[in-house]
Protein chains: 2
Amino acid sequence: AAAFGATFEENQVQVKNPNLETMEEDILYHLSLSTKTHNLPEMFGDIKFVCVGGSANRMKAFAQFIHKELELSGNPEEITDICEGTDRYCMYKVGPVLSISHGMGVPSISIMLHELIKLLHHAQCQDVVLFRLGTSGGVGLAPGTVVVTEKAVDYSFQPQFEQVVLGKVITRSTELDEEVASELLQCSSELQNIPTVIGNTMCTHDFYEGQGRLDGALCSFSHEDKLEYLRKAYDAGVRNIEMESTVFAAMCRVCGLKAAVVCVTLLNRFEGDQIKSPHDVLVEYQQRPQILVSHFIKKRLGYVV
Amino acid sequence: AAAFGATFEENQVQVKNPNLETMEEDILYHLSLSTKTHNLPEMFGDIKFVCVGGSANRMKAFAQFIHKELELSGNPEEITDICEGTDRYCMYKVGPVLSISHGMGVPSISIMLHELIKLLHHAQCQDVVLFRLGTSGGVGLAPGTVVVTEKAVDYSFQPQFEQVVLGKVITRSTELDEEVASELLQCSSELQNIPTVIGNTMCTHDFYEGQGRLDGALCSFSHEDKLEYLRKAYDAGVRNIEMESTVFAAMCRVCGLKAAVVCVTLLNRFEGDQIKSPHDVLVEYQQRPQILVSHFIKKRLGYVV
């Protein structure tokens, strides 16, 4: 909730770039939208929840799911991709909820977040909460467990994100909103079959060597080396590993956006590297963050008491 | 060409991971392929050229284009996505040519390359050449110029790629194959309207702050700061900026794969940040790397003398 006495502007989505005010047009190139060709306040002004995730199909499925959950009019099968002019990302709007794909890895989600935050700013959106709904490798958890991120940490287990700006490395904090995280944990206790923990999430820049997998095209370490690194991660509070959380947390924080990371674990990395569960089991796991965040949204909107 | 006396194995695609030989099954998760469910030597054993690029639509268009250029039987409109079981990447096979999308950024292409190199290894492919066909920002070049990469460099203009392995940073060389690069330059001189230069390519981990753009959601530097950084890049031989070349060069080199990076510039970064050219102009630009690499492939296969 906004602090008592917060002004109108304080709740608006803030860009941190004075140049934007003087630009005649802003082309959001990778979203295939522009301030000249689209009426962004009309299209997006009522957005309160933005849900992002790696896979285009999964974010379409989430949009259709939340459409049913919010009992909106119209056929959820007929929702259209707002970014259909490009294949970089896809985007669906369902009432006050925006569902967007971001591809894999920090650079891919970073492009989308720059353009999304500008979009929310141009559209004059207020009181927006962002969620990343993802998949991850678990560290000492049963497969299918949902991890709500306490701190997004880097490969050395520090809650920071290194950003290169004009050839110089700067460090940004990756703290997330505590209130949203504990509200999500509360939501999980009100649902059946959504085992959920709060823990740290390690964000790496690749899926194989950086995460200690023994099954990539390149591997120069032993099974024991891998287990030692995972044990160190576990001791530092890491409960899952994915590839986008640090930049997501850092950019949302700089722009004053409340944000949470909600990822299901597809395997326990202490037990293996390959994702071997049957397709239908993996599909069910991937619905868990969606069900949890949908419950959060319904509570905030007063659908559920 | 293979050195005189090269053995059979020397021309094969090499993985650098002894663990793979002892695995009963290898699931290439993000490609939705596996050694148990697919006969990889039968499906891919004749591959000689692998072309990768960020956009799924563009790599499908390239597959259809090379199908026509090689005058193969069958309807190019009916080629099917070999990775249709996943939306992470798409893959098309056209005779000895494989066309694959890799998304945006180093982490995204790195996942694909690990699984692609394992695929080529499992399929016992020999004498494979890899090309990255991409788009980029130009540094002091007219928009539409094709840059064949001499060295892929990082944000400090060094020809290296930093890889984290179990929490430790290691550095890999990003040298590319000189012979393939000069053969590509020769090809460009045999074609109309494919202005081409050889130069260094800077690989960054984001599109906005890391590339000195003034139009992101975050920007803390001035127009002069930006120009100074681009001038330094130009003086270090950088002619274009993209987001995948260093890891592409580094992984291909470690695995003994000949590789080239061929990117068209969509704008001159000294003159602006936003990509403002009309859609049809951008589409024509994006065909230029495809036409150049197609000519290379046709020459190698003896279609063109």
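Could you please let me know if A:Ala233 is within 14 Å of chain B (Cβ to nearest Cβ) and free of Cβ contacts under 8 Å to residues at least 40 places away in the same chain? The answer is no for A:Ala233. Check whether at least one residue in the stretch B:260-268 is under 22 Å from B:Met112 (Cα atoms), part of a strand (DSSP E or B) and among the small types (Gly, Ala, Ser), and report yes or no. Yes - at least one qualifying residue is present in the stretch B:260-268.
Kindly indicate whether B:Ala250 is part of a helix (DSSP H, G or I), at pLDDT 95 or above and within 26 Å of B:Gln186 (Cα to Cα). Answer is yes for this residue.
Count of the stretch B:56-107 residues, restricted to those that are over 29 Å from B:Asp206 (Cα atoms) and part of a strand (DSSP E or B), is 3. Taking the criterion of being in a strand (DSSP E or B) and open to solvent by 40 Å² or more (accessible area, probe 1.4 Å), the only residue of the stretch A:226-247 that qualifies is A:Arg239.
Applying the criterion of being over 23 Å from B:Tyr208 (Cβ atoms) and not hydrophobic (A, V, I, L, M, F, W, C) to the residues of the stretch B:145-159, the residue that is farthest from the other protein chains (Cβ to nearest Cβ) is B:Glu150. Tallying residues that are within 14 Å of another protein chain (Cβ to nearest Cβ), open to solvent by 10 Å² or more (accessible area, probe 1.4 Å) and more than 26 Å from B:Ile111 (Cβ to Cβ) within the stretch A:86-127 yields 2. Do we find a residue being closer than 22 Å to A:Ser294 by Cβ and either at pLDDT 95 or above or surrounded by 21 or more Cβ atoms within 10 Å (Cβ to Cβ) (or both) anywhere in the stretch A:30-44? Yes; the residues of the stretch A:30-44 include at least one that is closer than 22 Å to A:Ser294 by Cβ and either at pLDDT 95 or above or surrounded by 21 or more Cβ atoms within 10 Å (Cβ to Cβ) (or both). The one condition from (1) among the aromatic types (Phe, Trp, Tyr); (2) open to solvent by 20 Å² or more (accessible area, probe 1.4 Å); (3) in a helix (DSSP H, G or I) that A:Phe296 does not meet is (2). In the stretch A:150-165, the count of residues that are open to solvent by less than 10 Å² (accessible area, probe 1.4 Å), under 17 Å from the mean Cα position of the chain (by Cα) and in contact (Cβ under 8 Å) with a residue 60 or more places away in the chain is one or more. Given the criteria touching a Phe, Trp or Tyr at 6+ places or on another chain (Cβ under 9 Å) and farther than 21 Å from B:Cys255 by Cβ, does B:Ala123 qualify? For B:Ala123, the condition - touching a Phe, Trp or Tyr at 6+ places or on another chain (Cβ under 9 Å) and farther than 21 Å from B:Cys255 by Cβ - is not met.
Checked against (1) of a type in the set (A, V, I, L, M, F, W, C); (2) out of contact with any helix residue (DSSP H, G or I) (no Cβ under 7 Å at 6 or more places or on another chain); (3) at pLDDT below 95, A:Val293 meets all criteria but (3). Annotation: of all residues in the stretch A:260-279 being more than 14 Å from every other protein chain (Cβ to nearest Cβ) and in contact (Cβ under 8 Å) with a residue 40 or more places away in the chain, the one that is farthest from A:Val238 (Cα to Cα) is A:Ala260.
In the stretch A:9-67, the qualifying residues are those that are of a type in the set (S, T, N, Q) and touching a residue at least 12 places away in the same chain (Cβ under 8 Å), and the one that is nearest to the other protein chains (Cβ to nearest Cβ) is A:Ser55. Of everything listed in (1) more than 11 Å from every other protein chain (Cβ to nearest Cβ); (2) open to solvent by 40 Å² or more (accessible area, probe 1.4 Å), the single unmet condition for A:Ile170 is (1).
Any residue at all in the stretch B:188-202 that's open to solvent by less than 60 Å² (accessible area, probe 1.4 Å), within 13 Å of another protein chain (Cβ to nearest Cβ) and in contact with a strand residue (DSSP E or B) (Cβ under 7 Å, 6 or more places away or on another chain)? Yes - at least one qualifying residue is present in the stretch B:188-202.
The values are calculated or read from the model by the stated rules, or taken from the named source; none is laboratory data. Everything quoted here is computed from the prediction, not taken from an experiment. Cβ atoms come from the backbone with ideal geometry, glycine included; neighbour counts cover every protein chain shown. The accessibility values were calculated without ligands, DNA or RNA, using every heavy atom of the protein model including side chains. Shrake-Rupley method; radii C 1.70, N 1.55, O 1.52, S 1.80 Å.
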